[in-house]
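Read through the structure below, which is laid out as structure tokens, and then see the notes.
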């Protein structure tokens, strides 16, 4: 090795691949060491906020601790999440005619029989199950986000055959998209008037208010996730409307 | 070593394998399919940890909606090959070059 030493070597001083290998091994080793240290040092004293929530669960109006945290104890967190989702939808909203109807059904001559049967059987079941999840969120796992995601999955299934089109810039769609945020903010600020602080539900109505907010959130989340999917598949429809902007070769 | 621990170990192993495959597969389509499978296994893992809310959300969003979004995006960026299909089956032999498409 040493008798082949190149005096006038002007390549890179260090081997890049070896350097990255060393770096990744170091990082993985550090992470593993920290994980093992944490696992070994944890003696069960680190219970987090669980006892605090189980003590105050009667004040929340629901019996599911996760819904209690998301919609009552840390409601402003969920409020901001819904706002972020709305911003995302505004960023990717497909530009289309504002005056077109919200929902359009197009007759497609060639129907895929398997897809049609799947839509007919699965979509109603999914809709019912989403309603159940929304209702069950008060006392067992479930809630607005899960129900909304399920409904969005159902709408993705419905979009597969190009029969149904939703215009996300129509008035109706805009109302439904901002519905949850508007309801959430309205209830939250109205509670300042009645209860004295933001998003502090009165004990008698807290379950009802949480259910109302969750229902509106389900509608908005469904439409938001469905519009994410539509923004990907809607390119053919858009290209018809901005035909005049296209450069002609 | 009871059955649950074996199941957990298998779950960890297959999640790591699927994570590796969903990043380093050659074909982008395979990456997406492995990612969806990884989402389903992650839902099972959340269930094993007792976080059923997260498990439902992961199954619906991580595996369902994200998979659909990724497939739709893949459908837009892949090179569309509009090749006329031979009606005669003996002539419709695909060459090895056509099937090797890493997108």
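Overview of values
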{"quantity": "FRET efficiency, 1/(1 + (r/R0)^6) with R0 25 Å, evaluated for residue B:48 and residue B:1 via beta carbons", "calculated": "0.95"}
{"quantity": "Order of A:107, A:81 - criterion: other Cβ atoms within 10 Å of each residue's Cβ, fewest first", "calculated": "A:107, A:81"}
{"quantity": "Fewest-first ranking of A:53, A:66, using other Cβ atoms within 10 Å as the exposure measure", "calculated": "A:53, A:66"}
{"quantity": "Stretch gain in nm, segment residue A:9-residue A:98, where the contour uses 0.36 nm per residue and the Cα spacing is subtracted", "calculated": "25.4 nm"}
{"quantity": "At R0 = 56 Å, FRET efficiency that the Cβ-Cβ distance of residue A:132 and residue A:25 yields, to 0.05", "calculated": "0.70"}
{"quantity": "Estimated distance in nm for a label pair at residue A:36 and residue A:195, the labels positioned 7 Å out from Cα along Cα-to-Cβ", "calculated": "4.9"}
{"quantity": "Simple spin-label estimate for residue A:158 and residue B:9 in nanometres, 7 Å along Cα-Cβ", "calculated": "4.8"}
{"quantity": "Sorted by Cβ neighbour density within 10 Å, fewest at the top, the residues A:15, A:10", "calculated": "A:10, A:15"}
{"quantity": "Anisotropy class of chain A from Cα gyration tensor, a/c 1.5 cut", "calculated": "oblate"}
{"quantity": "Rounded if a/c under 1.5, otherwise prolate or oblate - the stretch B:26-78, Cα gyration tensor axes", "calculated": "oblate"}
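Readers should treat all values here as calculations from the given coordinates under stated rules, not as data from a laboratory. As the structure is a prediction and not an experimental result, all values here were calculated from the model. Using ideal geometry, Cβ is built from the backbone for each residue, glycine included, and neighbour counts are taken over all protein chains shown.
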